[in-house]
1. Work out the FRET efficiency for ASN91 and TYR42 from their Cβ-Cβ distance, taking R0 = 25 Å, and round it to the nearest 0.05.
2. Just subtract the alpha-carbon distance of ALA143 and SER208 from 0.36 nm times their residue separation and send over the number in nm, one decimal.
3. Leaving out ligands, DNA and RNA, and with a 1.4 Å probe, what % of the accessible surface on segment 87-204 is carbon or sulfur?
4. In segment 241-271, whose amide N lies under 16 Å from the spot 7 Å out along Cα-to-Cβ of ASN159? List them in ranges.
5. Treat each spin label as a single point 7 Å out from the Cα along the C-beta direction, and report the TRP172 to ALA230 distance in nm.
6. Express the accessible area of segment 96-212 per residue in Å², computed with a 1.4 Å probe while the remaining protein chains stay in the model.
Amino acid sequence: MQQILVRGKDGKKKLVNIPSHNIGINQVGWDSGGGYNDYAGYLGPTLYLDAGRNDSYYSGSLYQNTGTTWKDVSGNNYNGTLNNGVSYTSNYGGSLDFNRADGEWVNTADLGSMTNFSVVTFAKFDVAPVLGVNALVTNRYNAGDSYVNFAIGSFGLDNKIVGGFWTSVLGWKYPTGYTVSTNTWYMFGVTYDGATIKFYVNGVQYSSLAIVATVGTSTRGVSIAKRWDASTIPSDFFDGLIPVSIVYNKVISASDMTLVYNQFAPRYGLQ
């Protein structure tokens with residue numbers, strides 16, 4: 001064990017015990033100022049998956065996890081299941097590597113209805129989302145369902161990623177998408193407060209859409225690295241690295257979004 005200072009929301013610091021194997025500049029919790037601060041966790045997520053954490057999915061010489069469970073560290077036990085051979089890489093502090101040709105993806109149980117929500121994910125694309133309608137993280141959907149509660153993905157927009165939702169009455173609703181490049185790290189975030197969808201890129205709001213709607217869950221769970229339905233077409237899957245996916249059953253502020261970004265950015269060479 002090692003004791004370090006942790007900053008609370010009130011700005012005060014206190015000593016906490018941290019396992020020695022979880023100390024390292026590339027491990028989650030190290031913010032851009034070099035201090036340990038799991039701000040994403042402090043905000044109270046509903047789902048918190050991080051392949052760089054030993055208690056989520058870490059593969060190392062002493063702490064091996066080579067199974068098919070991506071553990072939810074929110075405390076809500078919405079563990080993810082790795083499908084079709086998703087692999088782990090220790091690069092960038094730990095990430096899951098998805099190959100769309102093999103239909104690799106992760107699923108979790110349903111998180112419950114979220115009329116307001118915030119979703120955050122980090123990703124690096126090996127293949128640009130030019131064809132198909134792949135998603136980084138999304139509520140799942142089957143024919144006849146009324147909602148896709150939330151989604152961050154391509155929505156069929158060539159080389160672009162955006163966040164939003166779908167209802168059977170309104171169809172897809174999302175603001176302007178962001179053009180992405182391969183071999184580049186990004187943080188994407190989306191929030192909805194019942195009146196406005198806000199889309200964030202690398203901790204900064206990029207676009208928004210005013211839309212009043214009641215959104216709910218399909219009750220079918222969450223998919224990571226594939227689109228919302230049962231498609232098996234390779235172009236409907238993500239190809240690249242996803243290390244972190246976080247969902248909140250509330251709206252987090254723009255400043256909170258920036259702080260969450262700052263927490264993880266050093267792992268990926270982002271500033």
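1. On the way: r = 27 Å, r/R0 = 1.07.
Result of the calculation: an efficiency of 0.40.
2. 20.6 nm
3. Answer for segment 87-204: carbon and sulfur cover 44 percent of the accessible area.
4. In segment 241-271, the label zone of ASN159 (backbone N under 16 Å from the point 7 Å along Cα→Cβ) covers no residue.
5. 2.1 nm
6. 35 Å²
The values are calculated or read from the model by the stated rules, or taken from the named source; none is laboratory data. Predicted model, so just to flag it, every value in this text is computed and none were measured. Note that each Cβ is placed from the backbone with ideal geometry, even for glycine, and that neighbours are counted across all protein chains shown. In case anyone asks, the SASA skips ligands and DNA or RNA and just uses the protein heavy atoms, side chains included. Shrake-Rupley method; radii C 1.70, N 1.55, O 1.52, S 1.80 Å.
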